[in-house]
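Report on the following structure.
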Amino acid sequence: MRLFWSTCPKCIKAFVVEWALRHAGRQLICPYCSHRYLPDESAAIDDRYEV
Amino acid sequence: MNRTPEAKKTSRQAAIGAPKSLDTYLDLIRGDPAEFRTVSRTVNPMNFDVTGLLAQLDRRGEYPAVQFNNPLNMHGEPSKFPILTNLWATRERCAEACGLPRSEAGSQLGARFAELVGRKREPVIVSEAPVHANVYQGEQADLWMLPAVRHFEMDLGAVLLMGLIARAPGENFYNITFTKTFPETPQKGGFTIHTPHMLRMTRAWERRGERCPVVNVLGHHPGFWLGTLNNTPWGDNEYATAGGFLQEPVRLVPSVTWGKDFLVPADAEIIIEGEIVPGERTIVNPFGDISRQYQAQQLAPYMEVTAITHRENAVLQDVFSGHRDHILLGSIAREGAIYNHVQQKFGNVVAVHMPFSACGRYTVYISIKKTEEGQAKQAALMALAQVPNLHVVVVVDEDIDVFNEEDVLWAVNFQVDPRRDVDLIKNVRAGSDPRGLGSSRLIIDATRPTHIAFPTRLRVPEEAIQRMKLEEWLDSIQEK
């Protein structure tokens with residue numbers, strides 16, 4: 001299963017997200033501070049993937 | 001006001017001959033502090049108070065069931081529902097729930113499970129039910145009145161664990177599967193489904209564009225739950241399978257929302273009735289799951305709550321995810337399924353164990369009475385077919401105790417030539433869990449080779465071990 005890590009732009013903590021949400025146009029919800037934001041607004045994204 | 005366990009006990013004293021419920025089971029263990037502990041101080045389950053205490057017990061190697069008598073609910077107010085958790089954290093309690101003595105919690109337990117799967121008891125329908133003692137509908141049906149537990153630091157929020165019940169449109173059999181519901185609002189809960197039958201049912205409703213009736217059961221006799229963990233064929237009524245494990249018919253009652261069109265367990269603790277909204281999705285996860293990793297944030301279906309019902313003095317049951325409580329809940333069922341499957345084909349299985357080290361899901365140790373080369377690999381392939389998420393299968397001889405991991409790893413180290421005895425199975429369906437390990441599986445034949453001259457394991461004669469009784473031969477310890 002392909003995953004990526006998103007770093008919340010508000011609290012700067014990272015959490016794990018299914019790849020299907022990377023470009024789905026849906027807001028993520030930070031589990032630490034409940035901030036809602038689009039993946040492209042992440043403070044950082046780790047989407048390395050082994051083909 | 002804080003309630004004492006004694007007060008609750010008096011109010012819920014189970015009558016002799018009463019239908020099996022969580023309460024009738026708890027009566028068996030309430031008096032034993034090694035098996036059942038209570039917490040009367042107020043706890044906030046949203047702030048890890050529950051799992052913090054359980055994690056400490058786990059570090060000490062102690063696994064009692066724990067009842068938190070005064071938790072806060074999701075509104076931050078005192079809840080009227082105690083939380084019961086860690087119920088399945090020992091094989092002995094699971095044995096007891098299956099009607100076995102505690103002394104038969106080893107390989108007998110998997111075999112007992114396999115036996116009970118075939119002893120279905122058709123449910124009976126009753127008109128009045130303890131679970132309908134209190135009924136909430138409309139805005140009164142408030143998920144947040146429950147003391148849902150947030151388990152791990154990266155979890156999206158509190159979850160309601162335990163079973164979801166559904167049936168396919170036009171069918172009269174029910175499927176019951178463990179799931180988790182995130183109470184996003186007081187009337188809406190997103191949830192994930194991980195079993196094929198439940199997925200098939202919910203998708204069938206969605207294809208018709210219709211709302212799928214579902215019921216979340218938040219507490220019942222442990223035998224009821226163990227009976228729902230089987231990988232039964234499509235068409236089997238899992239109420240009947242659960243009845244086999246309870247050794248009495250499950251009592252069903254028409255639901256508040258759909259009446260006789262959807263029957264619910266009469267002796268459950270708390271029931272949430274709801275409908276999955278077709279085509280709609282919401283955000284759920286992360287959630288710390290069985291592999292002790294987090295399931296990634298994802299889109300998932302959600303239900304809109306139509307009713308909540310509960311018995312008098314109901315208890316909310318929870319599971320300590322990723323720990324023994326959760327591991328045993330599924331591993332014993334799978335041990336039984338593998339035992340049944342391989343034994344029916346070959347008749348040479350001695351014991352099956354899915355160890356804690358692989359979270360009771362991803363590795364299985366099988367001991368067999370091998371009579372010719374190749375049998376170990378055949379048994380392993382059958383296990384992989386039976387339990388799709390298995391990652392590693394190790395097959396050993398009957399003299400290796402599969403419940404003793406040191407024993408199994410001795411066989412791997414001293415009877416396995418990797419070039420000859422290890423097989424990599426490629427291009428198997430990838431698991432839907434968070435491990436991210438792809439689609440290959442590993443088979444290790446750790447049985448002693450019989451086709452070549454090969455060393456054997458050293459052994460003190462059993463007769464000598466039995467003869468040299470410690471209390472007779474060791475000098476008594478002199479006090480200084």
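Counting only other chain Cβ atoms within 10 Å of each residue's Cβ, the peptide B:280-286 averages 3. In the protein assembly as shown, one over the average inverse separation of all distinct C-alpha pairs is 24.8 Å, which is the Kirkwood hydrodynamic radius.
Distance between the pseudo-spin-label points of residue A:19 and residue A:46 (7 Å out from Cα toward the beta carbon): 1.7 nm. The order of B:473, B:225, going from fewest to most other C-beta atoms within 10 Å of their C-beta, is B:473, B:225.
Relative to the longest principal axis of the Cα atoms of chain B, the long axis of helix B:324-346 makes an angle of roughly 60 degrees.
Dipole size of the protein assembly as shown about its Cα centre, with +1 on Lys/Arg Cβ and -1 on Asp/Glu Cβ: approximately 800 debye, rounded to the nearest 20.
From the alpha carbon centroid of the stretch B:94-133 to that of the stretch B:191-227 is 20 Å. Taking the fewest neighbouring Cβ atoms within 10 Å as the starting point, the ordered list for B:306, B:241 is B:306, B:241.
Annotation for the stretch B:441-470: trypsin sites (Lys or Arg not before Pro) lying in DSSP loop with at most 12 further Cβ atoms inside 10 Å of their Cβ are B:459, B:469. What's the center-to-center distance, using Cα atoms, between the stretch B:232-249 and the stretch B:405-423 in Å? So the two Cα centres are separated by 39 Å.
Between the helical axis of B:196-207 and the dominant principal axis of chain B, each derived from Cα atoms, what acute angle in degrees is found, rounded to the nearest 10? For helix B:196-207, the angle is close to 30 degrees. Think of each Lys and Arg Cβ as +1 and each Asp and Glu Cβ as -1; about the Cα centre, that makes the dipole of chain B roughly 720 debye. When each of B:456, B:185 is scored by the number of other beta-carbon atoms lying within 10 Å, the sequence from fewest to most is B:456, B:185.
Rounded to the nearest 10 degrees, the inclination of helix B:405-415 to the longest alpha-carbon principal axis of chain B is 40 degrees. Using only the Cα atoms of the stretch B:321-386, build the gyration tensor, take square roots of its eigenvalues as a ≥ b ≥ c, and label the shape rounded, prolate or oblate: rounded if a/c is under 1.5, else prolate if a/b is larger than b/c, else oblate. Cα axes put the stretch B:321-386 in the prolate bin.
Each value in this text was obtained by applying a stated rule to the coordinates, not by laboratory testing. What you are looking at is a predicted structure, and each value in this text was computed from that prediction instead of being measured. Cβ atoms come from the backbone with ideal geometry, glycine included; neighbour counts cover every protein chain shown.
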